[in-house]
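The values are calculated or read from the model by the stated rules, or taken from the named source; none is laboratory data. Worth saying up front: this structure is predicted, and the values here are computed from it rather than measured. No Cβ is skipped: glycine too gets one built from the backbone with ideal geometry, and neighbour counts run over all protein chains shown. All accessible areas refer to the heavy atoms of the entire protein, side chains included, with ligands and DNA or RNA removed. Shrake-Rupley method; radii C 1.70, N 1.55, O 1.52, S 1.80 Å.
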Amino acid sequence: MTEQPHFDVIVIGGGPAGVAAAVQADAKRLSVLLIDEQERAGGQVYRWNGVGIDAGPGAEMRARLAASGVRTAFSHRCWHVQPDRTVRCTGPDGNMTFTADALILATGASERVTPVPGWTTPGVVGLAAATILLKSEGVLPGRNVVVAGCGPLLLFVAAKIIAGGGQVAAIVDRNGPSDWLSCLPAAMTNPKLGMEGAGWALSLLKRGTPIHFNSRIVAVNGDDEVQAVSVAAVGENASSSAHSIACDALCYGDGLMPATEMTRLLHADHDFDAALGGWHVRADAHRRTSLDRIYACGDGAGVMGAAAAPVQGRIAALAAAWDLGKMDEARFEAETQRLSRYGQRVSRFGAAMTGLTVAGVRVPLTGSEMICRCESVSHDELERAVAAGAVTVNAVKAATRCGMGPCGGRYCVPSVAKIIAAHEQVDVSRIAPGTARPPLRPVPVGTLMGDFAYEDIPFREPAPL
Amino acid sequence: MTAHFDLIVIGGGIMGCASAIRAAQHGMRVAMIERASIGGGASGVNAGTLSLQIKRVKLMPYALAGHRIWEEAGEQVGFAKTGGLTLAFTDVEAEQLRERMTAKREAGAPIHFLSQAEVREKAPNLCERVKLASWCAEDGYANSSLTGTYYRAALREAGVTIIEGADAPLLARAKGGFQARIADEEVHGTRILLACGAGLEPAMAMFGVHIPVRVRVNSVSVTERAPRLVDPVIGHVTGLLTLKQKGNGTVLIGGGWQGRIDERTGASEVDPETIIPNLQLAQFVLPALARLRVVRCWTGFEVNVADFYPLAGPLPGVEGAYVLGCVRGGYTIGPYIGRLMGDLIAGREPEMPLFDPARLLAAAVQ
Ligand SMILES: Cc1cc2nc3c(=O)[nH]c(=O)nc-3n(C[C@H](O)[C@H](O)[C@H](O)COP(=O)(O)OP(=O)(O)OC[C@H]3O[C@@H](n4cnc5c(N)ncnc54)[C@H](O)[C@@H]3O)c2cc1C
Ligand SMILES: Cc1cc2nc3c(=O)[nH]c(=O)nc-3n(C[C@H](O)[C@H](O)[C@H](O)COP(=O)(O)OP(=O)(O)OC[C@H]3O[C@@H](n4cnc5c(N)ncnc54)[C@H](O)[C@@H]3O)c2cc1C
């Protein structure tokens, strides 16, 4: 790796978007480095579980990558990127610096979990996180599980729990039947996935699994483990209408949020769109961000799902090839137009699925719950800080430490924005996310430093006396 | 809409806030105009070191007074008096340390030198290569993140009108004083104080005063929480390291290593090329750091003028206008020098001399 730290293209993220981008760029005879912190390519959907035979679409993807000329740096965690496309990551050999003429960001999304009182009780698992448990580890989150939140993963997780021999105590869905029905036309565009979803739904119906539509979790009960959840209708007062459902685990999630920490660190322009998961980096039809030769694709640039991700990845790679003068215009136009048309078709399904999670973007908070798990900051404390005049995410963070922990505010900032928005009586889309700071992931000091001697430290003259 | 005040203060850092509060306490009607949020600039992101050992000799009395003010604020600002060690690792550094700390002691800081055994007793986990160390029992730290919360409450209590989020106010002379135009609002003041940190040079220029102000970008890093490793605040003779373990177990590392300025947005940014040597020095001094994860690095603007002394006094040639900023160690000194400024503006005699900005005009002409 070390002999050639400069590449035509660096791709960060080895999920469907990033792999497609890397392979496409390689096909255009660009030198490509693909970086991912996981041990192998696959990203979230096609994560390799490390045991047994590698099969399915993930395996195909990994085979395509292996057959290409793309250089890979797995188990490498990016902790810093610069607008001049310098990328720094830590890996088995310590801190590495790479540069590129074009940088493609494909860093995916993370899960939105709306805090409710008791949500930090052991036994509460994110809905998307549960898919990983179920898929790659074959572990059931509990024996009698409530599955709650919104979006397609409700069906998937519930069906997988049953298939794995568990019991689903209830599904609690923020949406109603009409929301699901409105997805049908889009679901038809991908008959395979559509049928799969219908199959899950059917299996649940057959089992008589209770489904509470237009409902939400208002509290998780139990001290050291989940014992029950309180459920109330959406829009109704929790204290008057809630009822309790006994369970030993809760899988709970409100869709995905694009990972913006890298693009915010770069000071790229961002937009808010609930239908794409909230804040996301702005990218044009050819996946160009507002920064020179920096591109964004996949869920990280707005949640569109696993089918759209590789198409966007390929378009990003073509745009990079064109911008680097490695393609002629006619080819570029023809190939990107073809991909765009195809992308529009396959994106409809994912867009409709993300549409089902819009219900989770603006849900009000309950009142007394813990918001920042890393620093133990409660809703009340945040409200007090906002009332005392801290009305930006940065000011709230300074006043309360909310977001200062190892997660870097990834999970709590949307809640902070809601509290500020409620106080200022504006929509959450008006509340800018806070300033992003490196490292993008916590890094051990010793790993960053490598070996050094005191004498090598570049001391300057002391300040004037 | 126009609102009238006796004084408008531009910039809600420590300098502006402390001055505004003092002037209000003297009975002036004061408006605070802040571009972003109170304490959102250097005053809210600095390393929070309250160390007499890194203060300039001539500023020592101001730093001593600043310490006392922060000590009174106590818990509200996370004040902790831990004592501080400054370290030298080579003969040359030891010589420097001896010379510098002797001068500071003569200026009134209670600093003395420690034997190696004494160093080990005060901070057993430090690197064993220490050649010479100085100690000041007055040293400690406060939590600069709380600057905004603390001063916003204090401004409110003093009856200062706060206008935050006032992006790029247009400043000008107006009949009977000054005006600041923010969107469609106009704020009028008989007097004006420019205390806008890294924005000082352009703000002074709006009144035709041209004093070169050098804008620098300082960096700070913080680790995850860790068991107790070190009690005193630690410095290096060059000033290129400040290190402290806060009450919550996180270790804060600074030392004035330079970051960058983002070309597109003008924001200050971390430069990994300087963060790494900063952390190397920290790890050299406290080897146990190697295992801890850095969770965040950030930056802020630090500004200075040619002679590295404060700009603190009347804005030359502009009757009724004042300027305060460019104070080295401004977190420590700010609350006090701000009071002096508030006294001056309210027509009282400050108990200590200020630093007349006119000195820099004269130098510029030469
Ligand atoms: C927890 C989770 C579970 C999901 N489960 C499913 C599912 O079961 N079915 C489904 O259809 N969709 C699922 N999704 C949605 C799915 O992720 C996307 O539709 C699809 O994977 C998007 O592909 P992508 O390439 O954009 O991002 P991803 O597949 O998320 O890939 C992003 C990659 O970037 C890497 N990365 C990010 N930051 C860094 C960094 N700083 N340094 C190094 N590497 C980095 C990550 O390790 C990851 O491999 C899930 C999402 C999440 C968050
Ligand atoms: C990283 C770092 C570490 C430091 N560590 C220490 C330390 O450990 N100990 C110590 O004593 N000192 C330290 N300092 C120095 C100290 O923080 C500063 O000297 C002090 O905070 C400066 O206060 P100020 O009010 O002048 O500036 P600031 O706090 O920067 O306040 C200026 C304010 O003016 C606003 N503003 C700018 N332009 C305009 C405009 N046109 N209109 C309206 N508002 C405007 C800004 O938004 C800002 O809020 C450090 C500084 C930095 C950057």
Report summary line: On protein heavy atoms with a 1.4 Å probe, the accessible surface that disappears when B meets A, both sides summed and given to 100 Å², is 4500
Report summary line: With the charge dipole of chain B built from beta-carbon charges (+1 for Lys and Arg, -1 for Asp and Glu) about the Cα centre, the Cα from B:Trp70, B:Val270, B:Cys196 projecting farthest to the positive end belongs to B:Trp70
Query raised in the report: Taking only the alpha-carbon positions of segment A:370-438 and ignoring solvent, what does the Debye formula give for the base-10 log of I(q)/I(0) at q = 0.14, 0.26 Å⁻¹?
Result: -0.33, -1.17
Query raised in the report: What accessible area per residue, rounded to a whole number of Å², is obtained for chain A using a probe radius of 1.4 Å?
Result: 41
**Report entry** Accessible-area composition of segment A:113-254, carbon plus sulfur, in percent [1.4 Å probe]
**Finding:** 58
Query - Estimated [θ] at 222 nm from DSSP helical runs (n ≥ 4, -39500 (n - 2.57)) normalised by residues in chain B, nearest 500 - result: -9000 deg cm²/dmol
Report summary line: Expressed as a whole number, the average count of other chain Cβ atoms within 10 Å around the Cβ atoms of B:255-264 is 2
Query raised in the report: Okay, helix-only estimate at 222 nm for chain A: each DSSP H run of n ≥ 4 adds -39500 (n - 2.57), divide by all residues, round to 500 deg cm²/dmol; what do you get?
Result: -10000 deg cm²/dmol
Query - Test item: Cα-centred dipole of segment A:17-90, Lys/Arg +1 and Asp/Glu -1 on Cβ, debye - result: 180
Query - Per-q log10 I(q)/I(0), chain B, q = 0.08, 0.09, 0.15 Å⁻¹ (Debye; single scatterer per alpha-carbon; no solvent) - result: -0.40, -0.50, -1.28
Query - Average projected area [Cα convex hull, segment B:227-366], square nanometres - result: 12.3
Query - Stokes-Einstein D in µm²/s, Kirkwood radius over Cα pairs - segment A:250-339 at 4 °C with 1.567 mPa s viscosity - result: 94
Query raised in the report: Looking only at other chains, what is the average number of their beta-carbon atoms within 10 angstrom of each beta-carbon in A:392-404?
Result: 5
**Report entry** Packing rank of A:220-232, A:389-401, B:277-289, where each peptide gets the mean count of other beta carbons within 10 Å, highest leading
**Finding:** A:389-401, B:277-289, A:220-232
Report task. In debye, nearest 20, what is the charge dipole magnitude of segment A:113-254 about its Cα centre with +1 on Lys and Arg Cβ and -1 on Asp and Glu Cβ, if you could check? Result -> 460
Query - Protection proxy ranking of B:310-317, A:202-209, A:67-74, A:409-416 - average other beta-carbon atoms within 10 Å, highest first - result: A:409-416, B:310-317, A:67-74, A:202-209
**Report entry** Relative compactness, segment B:39-85, computed as alpha-carbon Rg over 2.2 N^0.38 Å
**Finding:** 1.18
Report summary line: One quarter of the C-alpha convex hull surface, i.e. the mean projected area of chain A in nm², amounts to 25.8
Report summary line: Here the net charge surrounding A:Pro122, from other residues whose Cβ is less than 9 Å away from its Cβ (Lys, Arg +1; Asp, Glu -1), is -2
Query raised in the report: Cα atoms only, segment A:113-254: Rg and Dmax in Å?
Result: 14.5, 45
Requested in this report: Report the antiparallel proportion of the DSSP beta bridges in chain A as a percent, rounded to a multiple of 5.
Outcome: 50
Report task. Could you tell me which of the pairs A:Lys397/B:Lys131; A:Lys135/A:Lys397; B:Lys131/B:Lys246; B:Lys55/B:Lys175 are separated by over 32 angstrom between their Cα atoms in the structure shown? Result -> A:Lys397/B:Lys131; A:Lys135/A:Lys397; B:Lys55/B:Lys175
Query - Kyte-Doolittle mean at least 0.0 and Cα axial length at least 18 Å: DSSP H helices in chain A - result: A:191-207, A:308-323
Requested in this report: Please work out the Cα convex hull volume for the protein assembly as shown and give it in Å³ per residue.
Outcome: 186
Report task. Run the dipole for segment B:283-366 about the Cα centre, Lys and Arg Cβ at +1, Asp and Glu Cβ at -1, nothing else charged, and hand back the magnitude in debye, nearest 20. Result -> 660
Query raised in the report: Build a GNM of chain B with springs between Cα atoms under 10 Å: which of B:Ala47, B:Ala109, B:Ala267 gets the top mean-square fluctuation?
Result: B:Ala267
Requested in this report: Can you grab the distance from the C-alpha centre of segment B:100-162 to the C-alpha centre of segment B:174-209, Å, no decimals?
Outcome: 35
Report summary line: Taking every other residue with Cβ under 12 Å from the Cβ of A:Leu382 and scoring Lys and Arg +1, Asp and Glu -1, one gets -1
Query raised in the report: What does the charge count near B:Ser37 come to, summing +1 for each Lys or Arg and -1 for each Asp or Glu among other residues with Cβ under 12 Å from its Cβ?
Result: 0
**Report entry** Partner aspartates and glutamates for A:Lys160 [C-alpha distance under 13 Å; skip if fewer than 8 residues away on the same chain]
**Finding:** A:Glu137, A:Glu196
Query raised in the report: Picking from B:Ile54, B:Ile33, B:Ile69, which is most flexible by a Gaussian network model of chain B using Cα springs under 10 Å?
Result: B:Ile69
Query raised in the report: Once Lys and Arg get +1 and Asp and Glu get -1 on their Cβ, which of B:Val305, B:Gly320, B:Gly334 lies farthest toward the positive end of the dipole of segment B:277-346?
Result: B:Gly334
Query raised in the report: Once you average over the residues of B:55-61, how many Cβ atoms of partner chains fall within 10 Å of each Cβ?
Result: 1
